[in-house]
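K.L.:
Handing you a structure now.
The values are calculated or read from the model by the stated rules, or taken from the named source; none is laboratory data. No experiment lies behind these values; they were computed from the predicted model shown. Neighbour counts are summed over all protein chains in view; Cβ atoms, including those assigned to glycine, are modelled from backbone coordinates with ideal geometry.
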Amino acid sequence: MPDGPETDTETPEPPGALVEADPPPTPASIESLARTSDADIHPALTVSGQAALSRHQIRHKGRLYGVNITFYDCKGQGFCGGMYNGRKVYQGAAACSWNLPLGTRFYIVGDPTKRTYTCEDRGLLDETWVDVFWNEPRDGWIWQSKVGRYASIEVISLP
């Protein structure tokens, strides 16, 4: 018998929130889903041809409640380069969860900036989540304190 308390040799399961889901498809796997005729539309493609990387793809305009709202920044976090769509990041850019198609335009209810955002970037975000870019972390924290951690968004157009 070993000295000390008995230990469990099995590795515990991580909490559900930490378990990674299947990764999003790569461009090569998306190409393999491309349709060859109107009768051969793969169910994983949306009407606009973007891969539906979520079971809960947003396909209609209107209000979404309880959306995760956060910010990312250049000076504190180092996100200073290009976005998922290839453009350089700018103040007010939005990284959106995979269930919001790229090109989705929306506003955040109660946002003091009154901006209209466009999903142009991606991140490792759960559904439904919007991450707004700020150059300075201080500005992002001030904005976050006014908008709140969860808010409603109004989807005004889809690609």
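K.L.:
Restricted to the stretch 126-136, and to residues that are within 20 Å of Gly82 (Cβ to Cβ) and surrounded by fewer than 18 Cβ atoms within 10 Å (Cβ to Cβ), which residue is nearest to the chain's Cα centre (by Cα)?
P.N.:
Among those residues, the one meeting the criterion is Asn135.
K.L.:
Report, by residue number, each residue of the stretch 113-159 that is among the β-branched types (Val, Ile, Thr) and in contact (Cβ under 8 Å) with a residue 60 or more places away in the chain.
P.N.:
Selection gives Thr128, Val130, Val132, Val147, Ile153, Val155, Ile156.
K.L.:
So which residues in the stretch 137-155 are surrounded by 14 or more Cβ atoms within 10 Å (Cβ to Cβ) and part of a strand (DSSP E or B)?
P.N.:
Matches in the stretch 137-155: Ala151, Ser152, Ile153, Glu154, Val155.
K.L.:
Mind listing whichever residues of the stretch 87-108 are more than 13 Å from Asp131 (Cα to Cα), more than 16 Å from the chain's Cα centre (by Cα) and in a loop (DSSP other than H, G, I, E, B)?
P.N.:
Arg87
K.L.:
Determine if the stretch 63-84 includes at least one residue that is farther than 18 Å from Trp134 by Cα, of a type outside the set (Lys, Arg), modelled with pLDDT of 85 or more and surrounded by 15 or more Cβ atoms within 10 Å (Cβ to Cβ).
P.N.:
Yes: the stretch 63-84 contains one or more residues that are farther than 18 Å from Trp134 by Cα, of a type outside the set (Lys, Arg), modelled with pLDDT of 85 or more and surrounded by 15 or more Cβ atoms within 10 Å (Cβ to Cβ).
K.L.:
Another one. Go through (1) buried (at least 16 other Cβ atoms within 10 Å of the Cβ); (2) assigned to a loop (DSSP other than H, G, I, E, B); (3) out of contact with any helix residue (DSSP H, G or I) (no Cβ under 9 Å at 6 or more places or on another chain) and name the single condition Asp111 misses.
P.N.:
Unmet condition: (3).
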